[in-house]
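One structure is given here, and the rest of the page talks about it.
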Amino acid sequence: MFDLTGKTALITGASGGIGGDIARALHAAGATVALSGTREAPLQELAAELGERAHVLTCNLSDATAVEALPKQAAEVMGSVDILVNNAGITKDNLFMRMKDEEWQSVLDVNLTSTMRLCRGVLRGMMKARWGRIINISSIVGATGNPGQGNYAASKAGMVGMSKSLAYEVANRGITVNAVAPGFIATAMTDKLNDTQKDAILTQIPAGRMGDSKEIAAAVLYLASTEAAYVTGTTLHVNGGMAMI
Amino acid sequence: MSDVADRVKKIVVEHLGVEEDKVTESASFIDDLGADSLDTVELVMAFEEEFGIEIPDDAAETIQTFGDAVKFISEAS
């Protein structure tokens, strides 16, 4: 339905379940993709699966210098970065009273600060091109909160406020900045939950099931498309009705 | 008018869509030529490319008028 032929996309966290499916969806729509992540092997595997128009750029998002370099490397291998998907994220859950500064800081650094740096790094090219799409993968917990995830929820809510501010600044340059907030999505992370935990979660989801990472990828594909040019500063919640906001 | 001034003026005229005679020595990009703050960032980007120089952020902030731009670029290039 959406055609991204000739467009280039940088996707962080592409070695993960959601990131991998985002890369597949954008690639299937015709985009050239740069797959970023910390672990090279799964990225190479995905690149091999995609075939042509796929590049691997490993990057540790807690390393500021490496993050600054990433948009430049992506522009070198692809010629430009038209679409940026900030999908990478980490969790370091702990009760608020026990939360260590290091747990707070590392989650904020990777989830929020690296997102800011990558956005900043791709803006020059997008402004010149008068076309750009930035899609930040937030989370339902950024809007609702979640016990044990004070750091993660703060970082994901921060991404929303940052996206809106940036969206204001660059809207008249043909650049849109949006967030996608997944609810509970079946991934390697949620596979670790036991049946009792899963059942408890499902009672909270009107759709009665966990989401599929392809359903997040479809939301990203829409926001990346030319057709979504008039959608900016918004958060697209994809959560099976778990939070209707 | 110097070559630098001509080239800077061409960029300003093209980018801001203003009449050439409005681009005077003391014309402020924002107050006189209708630029918004993002336009000034883009002008600096365009100057950097045209003249093959780097204009650091703190220097860019001092470039408020056409004359400022010509002076800075003449000294830098």
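We did not get these values from a lab; they are worked out from the coordinates using the rules stated. Just so it is clear, the model here is predicted, and its values are computed rather than measured. Cβ placement follows ideal geometry from the backbone for every residue including glycine, while neighbour counts extend to all protein chains displayed.
For the stretch A:174-214, the candidate set comprises residues that are hydroxyl-bearing (Ser, Thr, Tyr) and closer than 22 Å to A:Gly16 by Cα; within that set, the residue that is farthest from the other protein chains (Cβ to nearest Cβ) is A:Thr190.
Against the list (1) surrounded by fewer than 17 Cβ atoms within 10 Å (Cβ to Cβ); (2) in contact (Cβ under 8 Å) with a residue 40 or more places away in the chain, the condition A:Ser165 fails is (2).
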